[in-house]
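Peer 1: The following block contains the structure, expressed as structure tokens.
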Amino acid sequence: VGARFLQGLGGGAIPPIAYVSIGRALPESLRPRMFATMSTAWVLPGVIGPALSGAVADHVGWRAVFLGLLPLILLAGAMTLPAIAASVPAAEPVAGHALAQTRRRLPAAVLVAIGAGLIVAGLTSAVLLPGAPLVGAGLVLAVPAFRRLTPPGTLRVASGLPAAVLLRGLLTFAFFCADAYVPLALQNWRGLSASVAGVALTAATLAWTAGAWVQARRFDRWGARRFVRIGYLTVAGGILGFAAVLSPYVPVVVGMVMWGIAGFGMGLAYSPLSLTVLAEAPPEEQGSAASGLQLSDVAGTALGTGVGGAIIAAGIGAGWPGWVGLGGAFAVGVVAAIFGGLLAGRLPGTRPAPRAAARPPEMPHG
């Protein structure tokens, strides 16, 4: 758990930097293709990664999977740092401004992390005590801090930028409420090996990339609202279809295809939310907006995984058959995705027009 905490500190810093770099370096017309290109960069790892890691885990051991990633991280850093060092800021920084922002935002970020940890711990405890008090304490800590770190109106799904930030978290909640337990369903319930179960994750990765390229080619014409709504509903259909493999009479290949459909929906909806944030936020506030987007993204992933795990643990604790808890987790993902499709109406109907350059020097918080 401590190592995952350190991994999160590093991993959480990367997406906002990537988003702001795209916002500063590329005109708005090229951004959809850039996000699709980033998705394409996942294809090779997505194709060989799950299958390779499953084979290594089966024949060598799971520790070798983690150790083998370390040289790749060093290589990626060596490729990226020169480009970041050559980037040009959007405006001349005010002396001490970045440090003051960090001092103001860091305590709230720590509270969100602690609160999310308490919520997940409470949910996965599978008992009323201490589960309910932990969830309550986590909400008390995390919700006000989350509101301070995200654009005003995020929690009430205000139109435009705030809605995009909240919908990103709801999207990852819906998808990872099921995704985290796809291998469990295929291995423990249907009896597949880790290598074969990894094929379903590979299918979702390939389809996610395909969806990203579809939105890149049609984003100017369709806009964020339509893509996000269709993406949400596609994710809901994919999760529902994958849940069919909980029946022993449904071929496993059906579940793999349906999980690929869920990944395609993520590709349709994921990048348009990033594009909306970059278009709606003025240049000097893109860093804050992108960090809020990433915070919502990660919080949705953590809570989706925690809620799914809590339902599965409750089923096991009650002595129910394994498919009951898995089916409950998948059902929550479907409901969340349908709800997100309804909220997509808060997004712009066409590609957002660039905001004027004149803006207050700092995004108001709280």
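The values are calculated or read from the model by the stated rules, or taken from the named source; none is laboratory data. Owing to the predicted nature of the structure, the values given are computational and were not obtained by experimental measurement. Reconstructed Cβ throughout: ideal geometry from the backbone, glycine too, with neighbour counts over all protein chains shown. Quick note on the areas: whole protein, heavy atoms, side chains included, nothing else; ligands and nucleic acids left out. Shrake-Rupley method; radii C 1.70, N 1.55, O 1.52, S 1.80 Å.
Peer 1: log₁₀ I(q)/I(0) of the range 188-257 at q = 0.18, 0.27, 0.28 Å⁻¹, via Debye over equal Cα point scatterers, no solvent, to two decimals?
Peer 2: Relative scattering, expressed as log10 I(q)/I(0), comes to -0.77, -1.22, -1.27.
Peer 1: When the Cα centres of the range 147-204 and the range 44-83 are compared, how far apart do they sit, in Å?
Peer 2: Distance between centres, Cα-based: 22 Å.
Peer 1: Further question: When every alpha-carbon pair in the chain is counted, what percent end up more than 40 Å apart?
Peer 2: On the way: 7980 of 66795 pairs.
Everything past 40 Å amounts to 12 percent.
Peer 1: Please list 159, 271 in order of solvent-accessible area, largest first, computed with a 1.4 Å probe with all protein chains present. Please list the in-between numbers first.
Peer 2: Details: 159 75, 271 5 Å².
I get 159, 271, largest accessible area first.
Peer 1: Take residue 75 and residue 335, extend 7 Å from each Cα along the Cα→Cβ direction, and tell me the distance between the two endpoints in nm.
Peer 2: For the pair residue 75/residue 335, the computed spacing is 4.5 nm.
Peer 1: With every protein chain left in place, what is the accessible area of residue 193 in Å² (1.4 Å probe, nearest 10)?
Peer 2: 50
Peer 1: Over all distinct alpha-carbon pairs, what is the Kirkwood Rh of the range 1-42 in angstrom? List each step's numbers first, then the result.
Peer 2: Working: mean 1/r = 0.0851 Å⁻¹.
For the range 1-42, inverting the mean 1/r across all distinct Cα pairs yields 11.7 Å.
Peer 1: Right, here's the next one. Using the Cα centre as the reference, give the magnitude of the dipole from point charges on the C-beta atoms of the range 119-269 (Lys, Arg: +1; Asp, Glu: -1; all else neutral), rounded to the nearest 20 debye. List each step's numbers first, then the result.
Peer 2: Numbers: 11 positive and 2 negative charges, 118 e Å.
Rounded to the nearest 20 debye, it is 560 debye.
Peer 1: How much solvent-accessible surface does residue 58 expose, in Å² to the nearest 10, with a 1.4 Å probe and all protein chains in place?
Peer 2: 80
Peer 1: In square angstrom, what is the accessible area per residue of the chain with a 1.4 angstrom probe? Show your work: numbers first, answer last.
Peer 2: Numbers: 17870 Å² over 366 residues.
Averaged over the residues of the chain, the accessible area is 49 Å².
Peer 1: Now for a different question. Could you give the alpha-carbon Rg of the range 200-329 over 2.2 N^0.38 Å, rounded to two decimals? The partial results should precede the final answer.
Peer 2: On the way: Rg = 17.3 Å, N = 130, 2.2 N^0.38 = 14.0 Å.
Ratio of Rg to 2.2 N^0.38 Å for the range 200-329: 1.24.
Peer 1: Using a 1.4 Å probe, how large is the accessible area of residue 285, given in Å² and rounded to the nearest 10?
Peer 2: Only protein atoms counted, so the area is about 20 Å².
Peer 1: What number results when the radius of gyration of the range 1-90, computed over Cα atoms, is divided by 2.2 N^0.38 Å?
Peer 2: On the way: Rg = 16.2 Å, N = 90, 2.2 N^0.38 = 12.2 Å.
Dividing the Cα radius of gyration by 2.2 N^0.38 Å gives 1.34.
Peer 1: Would you calculate, for the chain, the mean residue ellipticity at 222 nm contributed by helices, counting each DSSP H stretch of 4 or more residues as -39,500 (n - 2.57) and dividing by all residues, to the nearest 500? Write down the numbers at each step before the final one.
Peer 2: Values: 11 runs with 276 residues, N = 366.
About -26500 deg cm²/dmol.
Peer 1: Still on this structure: Assign one of three labels to the range 270-328, namely rounded, prolate or oblate, based on the Cα gyration tensor with a ≥ b ≥ c the square roots of its eigenvalues; rounded applies when a/c is under 1.5, prolate when it is not and a/b is larger than b/c, and oblate otherwise.
Peer 2: Working: a/c = 8.57, a/b = 3.71, b/c = 2.31.
Prolate, because a/c is 1.5 or more and a/b exceeds b/c.
Peer 1: Provide 69, 149, 6 ordered by accessible surface of protein heavy atoms (probe 1.4 Å), highest first.
Peer 2: Values: 69 90, 149 10, 6 120 Å².
Sorted by accessible area, descending: 6, 69, 149.
Peer 1: How many nm separate the modelled label positions at residue 217 and residue 320, each set 7 Å beyond the Cα in the direction of the Cβ?
Peer 2: Label at residue 217, label at residue 320, 4.3 nm between them.
Peer 1: A follow-up question, please. Tell me, what % of the accessible area of the chain is carbon and sulfur with a 1.4 angstrom probe? Can you show the working numbers first?
Peer 2: Numbers: 12990 of 17870 Å².
The nonpolar share, carbon plus sulfur, comes to 73 percent.
Peer 1: Moving to a separate point now. Could you run the Karplus curve 6.51 cos²θ - 1.76 cosθ + 1.60 with θ = phi - 60° over the range 68-83 and give me ³J(HN,Hα) per residue in whole Hz, x for Gly and Pro?
Peer 2: x, 7, 4, x, 5, 5, 4, 5, 4, x, 5, 6, 8, 4, x, 5
Peer 1: What does the convex hull of the alpha-carbon atoms of the range 227-286 project to on average, in nm²? Mind dumping the intermediate values first?
Peer 2: Details: hull surface 17.4 nm².
Seen from a random direction, the Cα hull of the range 227-286 projects 4.3 nm² on average.
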